[in-house]
Structure formats: C-alpha cells, structure tokens
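First the structure, in the form of structure tokens, and then the observations on it.
The values are calculated or read from the model by the stated rules, or taken from the named source; none is laboratory data. Computed from a predicted structure; not experimentally measured. Heads up, the Cβs are rebuilt from the backbone with ideal geometry, glycines too, and the neighbour counts pull from every protein chain shown. The accessibility values were calculated without ligands, DNA or RNA, using every heavy atom of the protein model including side chains. Shrake-Rupley method; radii C 1.70, N 1.55, O 1.52, S 1.80 Å.
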Amino acid sequence: LDIYKGEVLSLVGESGSGKSTIGKSIIGLEKVTEGKVLYKGEEISLNKIKRKSSYRKDVQMIFQDSMSSLNPKKRVLDIIAEPLRNFERLTPEEEKRKVIELLEIVGMTEDTAYKYPFEFSGGQRQRVAICRALVTNPKLIVADEPTGNLDTSNKEKIIHLFKELKKEGKTIICVTHDEKMAKSADRI
C-alpha cells in the first residue's frame, strides 16, 4: 500500500484484520514479517528506527488505548513535552507554551497541563495523546482509532484538526471504524 505526502488515508477493515499491526509496524513497535516499510525510498527496519532519531521524530502514533499509552505518574505537561525533550532544546517556558498551544488546539485548557491522566475521561485522554503525537511536528502520523472515545462534538474537532494538518502538508494514516472519520480522508 502506498501513502502519499500530504494525504489522509483511512485504513478500514474487520477487527483482527491487521490494521493496527500495520500502524505499529510503520513506527517500529511490531516486527515486519512480510513485505517492507519504505520511508522516502529507504527501507525501514527495527534496527534502523532505533538508530535513526530523525525517523522517530518524523513518524508519530496516536494509540487507540489512551489510558495505557499515557504514563499515569506524570502530569500532562510532562507527557506531552517528553518527545520535545528527546529531540529539541527548549527552555521550560518554551515547552510549556508549546504544550498549552496544542492543548488549546484540541479544545482543552491550560489547567489541563497540571493534571494526571486518571483525572480525565477517555475522550480527554485521547486528546492529550493527540497532542503528544503532534508536539514534534511529525511528517507522518499513524492514528489508531483517534476518535474512538470521543463524543460527536469532539469527533468533529479532530476531523477538522486532521484537515488542518493536511493543509500543513502532514501525512496521516487513520485506522478507524468511524464512518464519518473514514469518509473525511482522501482515500479509504
């Protein structure tokens, strides 16, 4: 399957058909057992991903289960800022400003930054996970059921956000069962 720069591709299929496995293979959490993952014409393997920090910065994932993907012992500010700390040299004030800006984009307030994941609903945690994936300004985002825990209003916000990211040239693979989310993509 090919994904083109600046495209939103919805990956739809039955439960257990391998949609999430494809996403995890792209980011290096699953070993590729058949076929290849190519990024910018270069084959990507687990070893290359571990050694190549630019790939880890350029390719981010929004996980389906936000509760298990967010560290329960860290505040939201630290959860979102962690990738920044790995790839950029920002002052604490610059980090905080970037985190708050992202939280506001997904409809959350500044005070959110000082809370812990268990203090939020599933939908709010999912929005925190989206912020964490966006914080490094990735070129490719693998979104595994990004609207799965959201109410209708927040689903609309995420669909709008993905459209804005597309305008910025981001490439998004969206694993989804949500018909509206799937239909908002360039291809299914």
Quick one: what pairs do we get from the stretch 105-123, first residue at negative phi and exposed (fewer than 15 other Cβ atoms within 10 Å of the Cβ), second among the polar types (S, T, N, Q) and at pLDDT below 90, C-beta under 7 Å, 6+ apart or different chains? G122/S66; G122/N149
Counting only residues that are under 12 Å from the mean Cα position of the chain (by Cα) and modelled with pLDDT under 80, how many does the stretch 46-58 have? 0
For the stretch 170-180, the count of residues that are part of a loop (DSSP other than H, G, I, E, B) and within 15 Å of the chain's Cα centre (by Cα) equals 2
Just to be sure before I move on: is I79 β-branched (V, I, T), assigned to a helix (DSSP H, G or I), at pLDDT 85 or above and surrounded by 14 or more Cβ atoms within 10 Å (Cβ to Cβ) in the structure I sent? yes
Taking interchain pairs and intrachain pairs at least six residues apart, which have beta carbon atoms under 6 angstrom, with the first residue in the stretch 69-80 and more than 22 Å from L29 (Cα to Cα) and the second modelled with pLDDT of 95 or more and exposed (fewer than 14 other Cβ atoms within 10 Å of the Cβ)? R75/Y114
Mind counting the residues in the stretch 59-76 that are at pLDDT 85 or above and either more than 13 Å from R132 (Cα to Cα) or surrounded by fewer than 18 Cβ atoms within 10 Å (Cβ to Cβ) (or both)? 5
Hey, among K73, K24, K5, which residue is in a loop (DSSP other than H, G, I, E, B), closer than 23 Å to F162 by Cβ and charged (D, E, K, R)? K5
Quick test for you: out of K157, K167, pick the one residue that is free of Cβ contacts under 8 Å to residues at least 12 places away in the same chain, open to solvent by 30 Å² or more (accessible area, probe 1.4 Å) and charged (D, E, K, R). K167
Residue check, I44 against (1) within 30 Å of S121 (Cβ to Cβ); (2) open to solvent by less than 90 Å² (accessible area, probe 1.4 Å); (3) of a type outside the set (D, E), all met but one. Which one? (1)
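Here is a yes/no grid of residues against (1) touching a Lys or Arg at 6+ places or on another chain (Cβ under 9 Å); (2) part of a strand (DSSP E or B); (3) of a type in the set (S, T, N, Q):
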site: Q126; (1), (2), (3): no, no, yes
site: I130; (1), (2), (3): no, no, no
site: K155; (1), (2), (3): yes, no, no
site: I159; (1), (2), (3): yes, no, no
site: A182; (1), (2), (3): no, no, no
Give me the residue from the stretch 86-111 that is at pLDDT below 90 and part of a helix (DSSP H, G or I) and, out of that set, nearest to I130 (Cα to Cα). I105
